[in-house]
1. Collect the residues in region 46-66 that are without any contact (Cβ under 8 Å) to a residue 40 or more places away in the chain and within 19 Å of residue 99 (Cα to Cα), keeping them in residue-number order.
2. Residues to consider are 29, 19; find the one that is open to solvent by less than 10 Å² (accessible area, probe 1.4 Å), touching a Leu at 6+ places or on another chain (Cβ under 6 Å) and either on the phi < 0 side of the Ramachandran plot or among the β-branched types (Val, Ile, Thr) (or both).
3. Collect the residues in region 85-104 that are open to solvent by 10 Å² or more (accessible area, probe 1.4 Å), under 11 Å from the mean Cα position of the chain (by Cα) and closer than 19 Å to residue 20 by Cβ, keeping them in residue-number order.
4. Among the residues of region 26-36, write down those that are of a type in the set (Gly, Ala, Ser) and in contact (Cβ under 8 Å) with a residue 40 or more places away in the chain.
5. Looking at (1) surrounded by 14 or more Cβ atoms within 10 Å (Cβ to Cβ); (2) among the β-branched types (Val, Ile, Thr); (3) under 19 Å from residue 26 (Cα atoms); (4) without any contact (Cβ under 8 Å) to a residue 60 or more places away in the chain, which is the only condition residue 39 fails?
6. Restricting attention to region 105-135, and to residues there that are of a type in the set (Asp, Glu) and over 20 Å from the mean Cα position of the chain (by Cα), which single residue is least open to solvent (accessible area, probe 1.4 Å)?
7. Of all residues in region 113-126 being hydrophobic (A, V, I, L, M, F, W, C) and in a helix (DSSP H, G or I), which is nearest to residue 42 (Cα to Cα)?
8. Among the numbered criteria (1) touching a Lys or Arg at 6+ places or on another chain (Cβ under 8 Å); (2) open to solvent by 70 Å² or more (accessible area, probe 1.4 Å), which single criterion is violated by residue 73?
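The values are calculated or read from the model by the stated rules, or taken from the named source; none is laboratory data. The structure presented is a predicted model; accordingly, all values stated were derived computationally and were not measured. Cβ placement follows ideal geometry from the backbone for every residue including glycine, while neighbour counts extend to all protein chains displayed. For the accessible areas, the whole protein counts, side chains as well, though only heavy atoms, and no ligand, DNA or RNA atoms are used. Shrake-Rupley method; radii C 1.70, N 1.55, O 1.52, S 1.80 Å.
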Amino acid sequence: MTEQDEEFMRRAIGLAQAGIDANNGGPFGAIVVKSGEIVGEGCNQVTSTNDPTAHAEVVAIRNACRRLGSFQLDECVLYTSCEPCPMCLGAIYWARPKQVFFACTREDAAKIGFDDQFIYEEIQRPIEERHIKSINFLRDEGLAVFDNWENKADKAEY
């Protein structure tokens, strides 16, 4: 790690504390950096916005993408105060930064009531055994839309 990495991680951790102080949500903060400059940042805003997807990493990714005018974070680095949860990890992979640094681990988060282990386990279960019932129907109609996408000449690939 470099001094600059430490500075950026301290900013992410500081955002986590600022979010707590402002009663925005849980104790999590994140920043996105490109070429040594912070291009997006966020703290957890789940409870203050009534948005279960407003995790720090997602907020930071949204802000960075908006600022960069892109749906991908090419050549960016994400610093987050805690190991990303499954949702955030998915968002990170879709955004495609080149690297992620995190401070606390998911085990640390579990010790204070943020335990995502059940989600990791659910992902491994067959759909019919998951706790939230999922029903597959009207697949043919859904596939017709997929065909339209596949054949669309002017689509933006991602």
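1. 55, 57, 58, 59, 60, 61, 62, 63, 64, 65
2. Every option except 29 fails the conditions.
3. Within region 85-104, just 85 meets the criteria.
4. Matches in region 26-36: 26, 29, 30, 35.
5. Checking residue 39 against (1) surrounded by 14 or more Cβ atoms within 10 Å (Cβ to Cβ); (2) among the β-branched types (Val, Ile, Thr); (3) under 19 Å from residue 26 (Cα atoms); (4) without any contact (Cβ under 8 Å) to a residue 60 or more places away in the chain, the one that fails is (3).
6. Checked region 105-135; the qualifying residue least open to solvent (accessible area, probe 1.4 Å) is 129.
7. Ranking the candidates gives 119 first.
8. Condition not satisfied by residue 73: (2).
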